[in-house]
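Following: one structure in structure tokens, then a few remarks.
The values are calculated or read from the model by the stated rules, or taken from the named source; none is laboratory data. Please read all numbers here as calculations on a predicted model, not as lab measurements. Here the Cβ positions follow ideal geometry from the backbone for every residue, glycine too, while neighbour counts run over all protein chains shown. Please note that ligands, DNA and RNA were not included when accessible areas were found on the heavy atoms of the full protein model with its side chains. Shrake-Rupley method; radii C 1.70, N 1.55, O 1.52, S 1.80 Å.
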Amino acid sequence: MLASHKWLEELTGLTLDVADVEARLTAAGIEVEGVTAMGEGLDGVVVGEVVSYRPHPERQKLRLVTVTDGSAEQEVVCGAPNVPEAGGRVLLAKLGAVLPGGFEIAERKLGGVVSRGMLCSETELQIGSDESGIVVLGDDIDAAPGTPAVAALDLHDTVYELGLTPNRPDCLGHVGIARELCALLGKPFTPPVPLSIPRVAPSGELLPQTESAFDLGLGSASSAHGADGLLPVRVEIDDPDRCPRYGAALVAGVTIGPSPFWLRYRLHVLGLRAISNVVDLTNLILLGWGHPIHAFDYDKVRGSMIRVRLAADGEAMHTLDGEERKLTADDLLICDGDGPVALAGVMGGGNSEIGDDTERVLIECAYFDPRSVRRTSKRTGLHTDSSHRFERGVDPNAVRQVLANAASAIAGLGGGTVVADALDVNPKPIAPETIEVRMARVEALLGTGYEPSLAERVLRGLGCDVQATKAGFGVTVPTHRPDIGREVDLIEELARVRGYDAIPTELPQIRPSEQGTPELIRFTRRLREAAARAGLTESVNYAFLATSDLKAAGVSERTVRIVNPLSEERSVMRTALLPGLSQNLQCAQRQQVKTFAHFELARVFSPRAGEQLPDEPHELGLLLWGDRAEWYGEGDELDFYDAKAALERTVHGLCGGRIETRLDDRLQADAPQLHPKRRARVWLDGHEIGVLGELHPETVERLDLLGRPIYGLIAVPALLEAVRAGGATQAHELPRFPAVTRDIAVEVDEALQAGEVAEALREAGGERAEQVKLFDVYRGDQVAAGHKSLAFRVTYRDRQETLTDKVVDKLHARVQKAAEQRFGASVRR
Amino acid sequence: MDVVAAFEEGLERGASEYRTAFEEAEDEQALRAANARFVGPSGALTRLMKRMRELPGERRKEFGQRSNQLKQEIAAAFHARLDGLAAAAREAELSGPHLDVSLPGRGRPVGRLHPLTQTKHDLLDVFVEMGFDVADGPEVEKHEYNFDKLGFPPDHPATDMQDTFFVASEGVESEARAVLLRTHTSTVQVREMLARKPPLAVVSAGATFRRDDDATHSPMFMQLEGFMVDDGITFAHLKGVLTHFLQRIFGRDLPVRFRPSYFPFVEPGGEVDMGCTICRRWQRGDAAGECRVCKGTGWIEILGCGMIHPVVFEHVGYDPERHTGFAFGLGVDRITMLRHGVPHLGLLYGNDPRFLNQF
Ligand SMILES: [Zn+2]
């Protein structure tokens, strides 16, 4: 909402300081987001009087105009078609002036003639939107040649840009903002009264002037036919819930023409284009009262009647913007005797628009149900100045006042007369409500006392009627404040107007809760921290992606779908973390990053049969790729074992459990996106927690990646279960007797997993074989083709005594024998 | 040569040569080699002493003593020289060229938590220290919990402030617009209040979603939400908790101001501005100035807050006459960007290792 400082001064009758207005409104919740000074940069632009003009010797379209600025005459070249005759007044930019666009006026030769200045149009001075010709001052402007343009046209103003919250429709008009300002300043406020305009009865007889501002002769009709026969228009409301009130007034004998400069300029500073006097006035009423009105060409309203009804499903109408709208039975229409003329509260139709030849203007001022207007506006995608106000709630009881102001203004400016006995059809009156505010409650909520006399003053300032009660006040809330519906809303008003600075700052006593923070939340945090300590960098990806991303990553495509996505790229919720991480890797590869080791810990989504909400467990994904390179040597590429180590280090940041990677025949079903020969199930102390492996070469291709990335996926609930099952780590006594180590090299088939061999060796060694550790894997000349040699170091120890060589030899022999028997291994001694 | 002569000569030569030999040895290895030439297993003196039995009995004692004496002399000289060499080596190292300390450290690079996570943790920690519990809730949420229970009026423009993604689960029948991506973490407020009874002090942080995608809005963003309900909680407490929080994060001298604002689920509602931490105008004391972040105002809007609306209490079965409480929410993205000077939002969700590894 843009607000004019000058207009606010007119409405409040106060001299206001810009910085003070800005500070007070902002402190009261009407945030001033910007302040723009208008009428700046016009030094050197003055009123000039045309002395004479003659054609340009060479160029047909140009004229040489002699103007005087009151003290000197100069000849300027002008291309405008509307140069007035001698004595006409124009705006002259003198030599040396710099126009708002930065254009400097200097002596210039145009077709061989020197021009000493420039006659300006509205757009050149940025004081309006008319670029069809130069500004010619009308008789209403009393300014002698030489008067600065700013003074002559009263151009100085300041425009506030207000960031209004949706609960304050009253401030969508200058009257409301002025009322608010007066309340904040503790000054009385009186709304503007209609102009005094000659009124005629439909018979043509002149009626006496009335004193009362609101008595335009509006009939107090409660039925649609109330004024039948007087005003030649009939109003019928089929749906009083959606249209509780409809007022109409008729102005006859109007001449359509351009608005005077002051009106054009006011609309200009407030961001609207001037069109014609009647249309400009409806806009001025909208910006002034915050109440949208609609002007129809009465002679185009067929059947001299207005009917407010719901559209039929599929009914069509043409709106002013030239579109054909398909309507539903949830859209409210304003119709004449033949059909729709407006989408109620949203936009007019083209058929009864004000035109150049309009003589009689039918003005509509109504109150429509906010929800109904909003649904229509949403459905049609038509967000207009009108719908914006109706859906926030205009004042139903301002209808007469607004109508009176509108009718008198249109008659005043258009040279017409207001036809008496306009209609006010009000089948469902909306009365102000009375709410009690208890002063004890005010204090209990704000944490500080509030002087009752101040409370009363504040509430009255906001337009409320206030009656003292035992506990506080009975407050009758004006209907221009639909946001105030209960006591707490009044408490906010009290707090707001006095300012939140008046409330002290205190720390509360916080009592410990029984529940505390759930384990999963603490666990995911520790897990994240452990993963980072393990050398992995955290990614945070969008939770939504494209279905094709899921397909490429070979993960579940049973999705939670976004019904109204911004783009296909982000239209389903992720079912796995791989797509996001792989996109991160892809970017990194394109940026020539050499090493990539990321993790992400986030929710993944899968539909649950018969449940409204999907399952969204946490998953930990890790993706590694690239050089293992460290500065002390060009390393090889990161591989499965680096990923496994990262996983181990991560888990060891949480517990002392043992990570194992094993094969099983469900891997193809669970991890089809991984390399069939380079993937494994991940176990932690006997619990399955995830999978780990190189991406399948086809997955790599589909994801448009390079090399051999390794992906790991841990189900966080399973990991938490495993860690929880392990319980608190139990301490072991340290060994008191020395260990003895013996090595054993076992040559086995390539297909055999070293873990299996190690496990067998440890078993064969019995209790005293404390540890079997792989320290070398050899393939080459020394072993048969298709075989590998695994070298283990076995640590023997007895908890009760020092082992002798003899005993160790015996144990080790058993281990060697087991290796031969179990694996047909040739044991290298 | 007869054995007596051999002993005489051997002892004499030994006595005359070992000093020179030791002195000539310039390092430990040479010294040990020289030592071995005399007293090693096949050293000259060792060999000689093995012949002791061949000596006539009356000379054995004399030569025995002389041999041992020489051996001791050599041992003493050896150790003295060894110590000397060690001292010289240490001296040389201590006065020699410096280790190249500029070489990079060796080992695995460490990983990093995402700056959003780091910030989230830091923010949560302040509340946890004050006594708040941490809670969590689903990201796909019911309309009821995201809007209705919070008192959003149906078909009200307040929902425009939160343009919503609606979702449908494959194979699950659901009313249109009944399920959505939560637009704020206030859903956790509803869920916690439904599940628990006061006193409550809870804070929650996580992903939220709005249909917005431009230079300053990301369709997914991180929000932090907190609320407290008990007997006698006031707006003054709200001011206390939030002022304390912001000053813990941004510094004790940070100016904080509260302005009225509107959110359907709080009343009175407010917004909190803090001094701009980029231009720090409050420290410089001058009036206006250029600042990209606060546009010269010196203030940054940082939090939305208010007293929990009685309608919310009614929806969760609390007695609004008895319990009062406050709630607040803030953008973790925004605080992250302010703290770390992140120039644009795209960097936060781009996950470029070159960006993330800066933190
Ligand atoms: Zn700043």
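What do you get for trypsin sites (Lys or Arg not before Pro) in the range B:287-355 restricted to DSSP loop and a cutoff of at most 12 other Cβ within 10 Å of the site's Cβ? Present the calculation step by step, with values, prior to reporting the outcome.
Numbers: sites: B:292, B:295, B:322, B:334, B:339, B:354; in loops: B:292, B:295, B:322.
Sparse-neighbourhood loop trypsin sites (Lys or Arg not before Pro): B:292, B:322.
On full extension, the segment bounded by residue A:103 and residue A:548 gains 154.8 nm, given 0.36 nm per residue less the C-alpha separation.
Normalised by the number of residues in the range B:3-95, the average gap of Cα pairs under 8 Å and 6 or more apart makes the relative contact order 34 percent. Projecting label points 7 angstrom from Cα along Cα→Cβ for residue A:685 and residue B:2 puts them 8.7 nm apart.
For A:377, A:606, the ranking by accessible surface with the largest value first comes to A:606, A:377, using a 1.4 Å probe.
Axis of helix B:28-39 versus longest Cα principal axis of chain B: the two differ by about 30°, to the nearest ten degrees.
For the pair residue A:385 and residue A:236, what calculated FRET efficiency results from E = 1/(1 + (r/R0)^6), where r is the Cβ-Cβ distance and R0 = 25 Å, to the nearest 0.05? Computed FRET efficiency for residue A:236 and residue A:385: 0.40.
Note on residue A:47: accessible area is roughly 0 Å² with a 1.4 Å probe, heavy atoms of protein only. For chain A, the Kirkwood hydrodynamic radius from C-alpha pairs, put into Stokes-Einstein at 4 °C and a viscosity of 1.567 mPa s, yields a diffusion coefficient of 37 µm² per second. Amide H to amide H distances under 5 Å link residue A:307 with A:236, A:335, A:336, where only residues 5 or more positions off or on other chains count and H is placed in the peptide plane. Computed on the Cα atoms alone, the convex hull of the range B:115-356 gives a volume of 141 cubic angstrom per residue. The mean sequence distance of close C-alpha pairs (under 8 Å, at least 6 residues apart), as a share of the length of chain A, puts its relative contact order at 8 percent. Placing pseudo-labels 7 Å out from each Cα toward the beta carbon at residue A:520 and residue B:197 gives an inter-label distance of 2.5 nm. Label sites at residue B:51 and residue A:60, each approximated as a point 7 angstrom past Cα along Cα to Cβ, lie 14.0 nm apart.
Measuring only protein heavy atoms, the 1.4 Å probe finds residue B:79 accessible over about 100 Å². Axis angle, to the nearest 10 degrees, between helix B:57-95 and the longest C-alpha principal axis of chain B: 30 degrees. Across the alpha-carbon set of the range A:515-564, the Rg to Rh ratio works out to 1.13, Rh being the Kirkwood radius.
Cysteines of the protein assembly as shown lacking any other cysteine Cβ under 4.7 Å from their own Cβ: A:78, A:120, A:171, A:182, A:243, A:335, A:365, A:464, A:587, A:655, B:305.
Its residue count N fixes a reference of 2.2 N^0.38 Å for the range A:638-681, and the Cα radius of gyration divided by that reference is 1.27.
Please compute the Kirkwood hydrodynamic radius over the range A:659-789, one decimal place, Å, based on all pairs of different Cα atoms. Intermediate results must be reported in sequence, preceding the final value.
Values: mean 1/r = 0.0557 Å⁻¹.
One over the average 1/r among Cα pairs gives 17.9 Å for the range A:659-789.
Less than 16 Å from a label point 7 Å out along the Cα-to-Cβ axis of residue A:321: which backbone N atoms in the range A:368-395 qualify, by residue? Correct set: A:374-389.
Computed from the alpha carbon positions, the gyration tensor of the range B:125-193 leads to an equivalent ellipsoid with semi-axes of 25, 16, 10 Å, biggest first.
For the full complex of protein chains and a 1.4 angstrom probe, list B:193, B:222, B:49 by accessible area with the highest value first. Please list the in-between numbers first.
On the way: B:193 0, B:222 25, B:49 45 Å².
Largest accessible area first, the list is B:49, B:222, B:193.
What full-extension length gain, to one decimal in nm, is calculated for residue A:161 and residue A:566 as 0.36 nm per residue of separation minus the Cα-Cα distance?
On the way: separation 405, 0.36 × 405 = 145.80 nm, distance 2.92 nm.
Taking residue A:161 through residue A:566 to full extension adds about 142.9 nm, to one decimal.
Axis of helix B:235-250 versus longest Cα principal axis of chain B: the two differ by about 30°, to the nearest ten degrees. Taking the centroid of alpha carbons for each part, the range A:544-564 and the range A:781-829 are 52 Å apart. For the range B:215-304, what percent of Cα pairs sit more than 22 Å apart? Of all Cα-Cα pairs in the range B:215-304, 37 percent lie more than 22 Å apart.
Please give the Cα centre distance for the range A:419-474 versus the range B:63-82, rounded to the nearest Å. The range A:419-474 and the range B:63-82 have Cα centres spaced 114 Å from each other. When A:307, A:266 are compared by accessible surface with a 1.4 Å probe, the order from highest to lowest is A:307, A:266. For the range B:115-356, relative contact order (Cα pairs under 8 Å, six or more residues apart, normalised by length) works out to 21 percent. Measuring nothing but alpha carbons in the range B:28-156 and taking Rh as the Kirkwood radius, the Rg to Rh ratio lands at 1.69. Can you tell me which lysines have their Cα less than 23 Å from the Cα of residue B:149? Leave out same-chain residues fewer than eight positions away. Reachable lysines: A:378, B:197. Only protein heavy atoms count here; on that basis, with a 1.4 Å probe, residue A:481 has an accessible area of about 10 Å². Listed by chain and number, the lysines whose alpha-carbon sits under 21 Å from that of residue A:644, ignoring those within fewer than 8 places in the same chain, are A:594, A:677, A:773.
Within the straight-line cut-off of under 12 Å between alpha carbons, the aspartates and glutamates reachable from residue A:788 are A:747, A:749, A:750, A:776, sequence neighbours fewer than 8 places apart in one chain being disregarded. Between residue B:358 and residue A:666, the C-beta separation translates, for a Förster distance of 35 Å, into a calculated FRET efficiency of about 0.25.
Taking N as the number of residues in the range B:3-95, what is its alpha-carbon radius of gyration divided by 2.2 N^0.38 Å? Walk me through the numbers before you get to the answer.
Values: Rg = 15.4 Å, N = 93, 2.2 N^0.38 = 12.3 Å.
That works out to 1.25 for the range B:3-95.
Cα centroid separation, the range B:184-256 to the range A:348-369: 49 Å. Helix content alone sets the calculated 222 nm mean residue ellipticity of the protein assembly as shown: runs of n ≥ 4 DSSP H residues at -39500 (n - 2.57) each, divided across all residues, give -9500 deg cm²/dmol.
Under a Gaussian network description of chain B, with springs only between Cα atoms under 10 Å, the residue in B:311, B:342, B:39 that fluctuates furthest is B:39.
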